1. Within region B:320-334, can one find any residue that is within 14 Å of chain A (Cβ to nearest Cβ) and of a type in the set (Asp, Glu)?
2. Filter the strands (runs of 3 or more DSSP E) completely within region A:162-231 down to those with at least 3 residues that are among the aromatic types (Phe, Trp, Tyr).
3. Which residue is nearest to A:Gln162 (Cα to Cα), if the candidates are limited to region A:114-133 and must be part of a helix (DSSP H, G or I) and of a type in the set (Val, Ile, Thr)?
4. Can you find even one residue in region B:229-242 that is within 20 Å of the chain's Cα centre (by Cα), surrounded by fewer than 21 Cβ atoms within 10 Å (Cβ to Cβ) and within 19 Å of B:Val340 (Cβ to Cβ)?
5. Given the residues A:Val194, A:Val190, which is the only one that is surrounded by 19 or more Cβ atoms within 10 Å (Cβ to Cβ), within 12 Å of another protein chain (Cβ to nearest Cβ), of a type outside the set (Lys, Arg) and farther than 28 Å from A:Arg62 by Cα?
6. Limited to region B:50-70, what total is found for residues that are farther than 14 Å from B:Ile224 by Cα and in a loop (DSSP other than H, G, I, E, B)?
7. Taking helices (runs of 4 or more DSSP H) that fall entirely within region B:82-188, which contain at least 1 residues that are touching a residue at least 12 places away in the same chain (Cβ under 8 Å) and surrounded by fewer than 17 Cβ atoms within 10 Å (Cβ to Cβ)?
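The values are calculated or read from the model by the stated rules, or taken from the named source; none is laboratory data. Model, not experiment: these values are computed from the prediction. Glycine gets a Cβ as well: all are built from the backbone with ideal geometry, and neighbour counts include every protein chain shown.
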Amino acid sequence: MSLLEVTGLCKSFPTRRDALGRVREQHHAVKDVSFSVEPGTTFAIVGESGAGKSTTARLVLRLIEPSAGSVTFDGIDVCALGGRELRLLRRRMQMIFQDPSSSLDPRVSVGESIAEPLVVFDRTATTKAQRTERAAELLERVGLAARDRLKYPSEMSGGQLQRVAIARALTLHPDLIVCDEPVAALDMSVRAQVLNLMKDLQSELELAFLFISHDLSLVRVIADHLAVMHRGAIVEQGPAEQIFAAPSSEYTSKLLAAVPVVSGPGSRQRRARTVMEDA
Amino acid sequence: MTTQASPDAVAPEVESPPRLLDVQGLTVEFRTSAGWSRAVDDVSFDVHPGETVGLVGESGCGKSVTMLSLLGLTRRANARVSGSAVFEGHDLLALSAKELPDIRGNRVGTIFQQPARSLNPAFTVGEQIAETIRHHRQVGRKEAWRRAVALLDDLSIPNAEKRAGEYPHTFSGGMCQRVMIAIALSCDPALLIADEPTTALDVTVQAAILDILRAIQDERGIAIVLVSHDLGIVNEMCDRTNIMYAGQVVEAGDTGELLAQPRHPYTEGLLQGLPENMVGGRLQAIPGNVPPLDELPDGCHFAPRCAYARAGDCDAVVPPLVLDDGRAVRCLRSDELDLVGVGAR
């Protein structure tokens, strides 16, 4: 059984209302999106800005309510759950954001940030010492030192902070981590380190990733399955290797052709590329 | 300490090949709580008319500060700049605050990473282009406006006449960058400085902007200094490339040769870390982090992360930048090493 099953997901935002507050126009951010994520694998959603990737990610975690469609996590209908049950389910699905320096609280040490989910969910079941120990263990797990738990976000580099954000997402032993552009803000040499870390953690902990990115070359590294989104809809999905080898949709081909590569023709053989109209 | 050369002292000498921009020993330091920290350390490079030169590196390597210094944008009480940057016979670093604006925006155009933030939201894009033209050229409002519209049209903005009268918020990121390019080109510059011009844009829009840059270069013979962290873009755009690390140029040369046969371990590391060089499902990442400027290691700045570093040598002295047959390399061991480039695998 799939870990995550998304069927016919739609989300529209009202863009204009009449005098009585009735919606006259709406923007369909996500249109009839369906996919499934298997345990321990990475499903990537790629697309350009405004394609609806992040909205889809938020819908999956039910951070926003869908207009239509369903999200089933491990056989449980996420959209039907009420407050308490939803909170319990959210232990098992975590999120990593693009910019770790703005997603971590600057006034709290990183150790406390990592242990905070335990305070929220298992305050009575754990002692403070246990929580500190868990934070130290997680920091070592993501390649930092246990003593780093005393540091504040301002004392760490972007790559280190993203490791902290990953550690925090792991605190409650989730089954699924939704990663929204997790390495887009990182430098190229650090980016490779963080992607390797994510792959290692995935194989050790049987994690599933829903990986949102605009960068096809990164997706190639980490994705098992892939969906390409354009203007709110999925235009193509399937095994990543297959899509990279032989994209079936014209849009995917254009996207792939637009990525500049080091091994391609250089400045002297300026290649004529398919240029898409800037909408 | 600023070099106080008067403009006459640096009168242009006709050389072959002619240089449009010649940067020598540029050093930029900023005052921090821990003393002066050196963001750019003895950087030298040159640009010939009509060519594209890349400055490549990770954040904090000094590539943007280098560009800002050329434009006189690091002239602050908390910064000190030394070295020289001779452009069309004027040392950009020694020009007075009065003389600088005659070159900036006129002979040198600039585009930045965040086009939407670089435009003034309170004026129409046409006004912002025309403003630059009227500042540098003796033309009337109507003529300036006509030129602004013509530029937008050149940059394939549909319906240019109408769009010129609209405000930046009605433009997408790629369209804003075209407007920025229009402003930069409005006075027919000889040099365009592009600081990560496509980093904030989608890949397809990026491709369109890079095509535009190439097209205007072919049409107008403008030289471009391109600051980027993306080796793919550098490969497609730059004739020559300078790789920077921790404030220094570590390797420089012809882009194709440099990527095919890197001679500095950092260049090799960047190339091997790319997704196309994945081994066994893993990226070959360079270990460690870029050192903060106030904690630079003794000796070669890259040595602590370098697989080839030799204890006793590499951590003792900062290696000089050695020029050999058009390639400059800052590595003690570059002669002994056989490094892997693109296409070798």
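1. Within region B:320-334, not a single residue is within 14 Å of chain A (Cβ to nearest Cβ) and of a type in the set (Asp, Glu).
2. none
3. The residue in question is A:Ile114.
4. Within region B:229-242, one or more residues are within 20 Å of the chain's Cα centre (by Cα), surrounded by fewer than 21 Cβ atoms within 10 Å (Cβ to Cβ) and within 19 Å of B:Val340 (Cβ to Cβ).
5. A:Val190
6. 6
7. Hits in region B:82-188: B:100-103, B:125-136, B:160-163.
For (1) within 18 Å of A:Ser263 (Cα to Cα); (2) assigned to a helix (DSSP H, G or I); (3) among the hydrophobic types (A, V, I, L, M, F, W, C); (4) modelled with pLDDT under 95, each residue gets a yes or a no:
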position: B:Glu251; (1), (2), (3), (4): no, no, no, no
position: B:Val290; (1), (2), (3), (4): no, no, yes, yes
position: B:Cys314; (1), (2), (3), (4): no, no, yes, yes
position: B:Gly343; (1), (2), (3), (4): yes, no, no, yes
